[in-house]
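These notes are about the structure you will find just below.
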Amino acid sequence: MNIHIGNADIVAILALALLVALLLAVRFRPKTWLGIVVEALLANAAAFAAVLAVEALLA
């Protein structure tokens, strides 16, 4: 199974990461920079995992 990450996938990762970061910020309201960084890392990991899951399903 070959998974290829193209330009559209990168755009989807960025869009999902921004959406998840916004939803997490509204839900948890981080007070420190560390909270914001952890939230951003979680959002990016979730977005990357979602795009990889879709790519694996479509491969």
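The values are calculated or read from the model by the stated rules, or taken from the named source; none is laboratory data. Keep in mind that what you see is a predicted model, and the values were worked out from it rather than measured. Virtual Cβ from ideal backbone geometry, glycine too; neighbours counted across all protein chains shown.
Annotations
- Checked against (1) in contact with a helix residue (DSSP H, G or I) (Cβ under 8 Å, 6 or more places away or on another chain); (2) assigned to a helix (DSSP H, G or I), I3 passes all but a single condition, namely (2).
- Residue match in segment 24-41 (condition: at pLDDT below 85 and in a loop (DSSP other than H, G, I, E, B)): no
Every residue, every condition in (1) within 20 Å of G6 (Cβ to Cβ); (2) under 8 Å from the mean Cα position of the chain (by Cα); (3) in contact (Cβ under 8 Å) with a residue 40 or more places away in the chain, yes or no:
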| residue | (1), (2), (3) |
| --- | --- |
| V20 | no, yes, no |
| V26 | no, no, no |
| R29 | no, no, no |
| T32 | no, no, no |
| E39 | no, no, no |
| A53 | yes, no, no |
| L58 | yes, no, no |
